[in-house]
Amino acid sequence: MGGVGEAAIGWRWMFGVLLDRFGPMRPILSTMALAIVSILLMLLLVRPSASVWMICVGYIAYMVGLSMAYPNTMTAGMSVIPARMQPDGNAMFSTFQQLAGAVGTTVMSICLGVAQAGRSITADKAAFAAATQRGGHVAFIVLLVVLFGAFLANIRAFAARRTA
């Protein structure tokens, strides 16, 4: 659905325009901040009584932040690589993106699995649902910590780039 919507309205071109107009620091840090704030708000506001729309809005904000940050980060990273090394740099970005997706899926599954351990959906659905919610909450905390670490790493990289 997201890919269809993106293709229909073609909003990704804006990311490159922002990068060209402001340089890499402002678009990357602001969109990463959007992702961090959306995860933080989902942690604080989403409860079992939350509407589906609240969850959708939080997720959309998170995905917009990430999908705006990643291409600009890749462009900024590739811009400092010599032209003869561009294919290798592109391969490294693609490899790390795949690895990060696999590791992220594993960590989130572990958070849910540990929380659900010892509970049976057939024996007590309410306890299983509560355990799943706790596991999801922990998974979001892990995601928030990783995003914040990436945010700080980008700040450090931009500071080092300025002094070089």
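The values are calculated or read from the model by the stated rules, or taken from the named source; none is laboratory data. What you see is a predicted model, and the numbers here were worked out from it, not measured in a lab. Cβ sites come from the backbone with ideal geometry, for glycine too, and all protein chains shown count toward neighbours. Note: areas computed on protein heavy atoms with side chains; ligands, DNA, RNA excluded. Shrake-Rupley method; radii C 1.70, N 1.55, O 1.52, S 1.80 Å.
The charge dipole of the chain, taken about the Cα centre with unit charges on the Cβ atoms of Lys, Arg (+1) and Asp, Glu (-1), comes to about 280 debye, rounded to the nearest 20.
Computed with a 1.4 Å probe over protein heavy atoms only, the accessible area of PHE151 comes to about 40 Å².
Overall, the accessible surface of the chain at a probe of 1.4 angstrom is composed of carbon and sulfur to the extent of 73 percent.
Counting only alpha carbon atoms, the long axis of helix 86-116 and the longest principal axis of the chain meet at about 10°. Spatially, segment 112-132 and segment 21-88 are offset by 32 Å when compared through their Cα centroids.
Of ARG26, ARG162, the order by accessible heavy-atom surface (1.4 Å probe, DNA, RNA and ligands excluded), from most exposed downward, is ARG162, ARG26. Relative to the longest principal axis of the C-alpha atoms of the chain, give the angle of the C-alpha long axis of helix 25-45, reported between 0 and 90° and rounded to the nearest 10°. Result, in degrees: 10. Axis of helix 125-163 versus longest Cα principal axis of the chain: the two differ by about 20°, to the nearest ten degrees. Just checking the listed ones, ARG21, ARG119, ARG84: in the Gaussian network model of the chain with Cα springs under 10 Å, the one fluctuating most is ARG84. Using a cutoff of 8 angstrom between alpha carbon atoms and counting only pairs six or more residues apart, the relative contact order for the chain works out to 25 percent. Calculated mean residue ellipticity, 222 nm, the chain: -29500 deg cm²/dmol, from DSSP H runs (n ≥ 4) at -39500 (n - 2.57) each, averaged per residue and rounded to 500. Protein heavy-atom accessible surface, 1.4 Å probe, per residue over segment 24-129: 63 Å².
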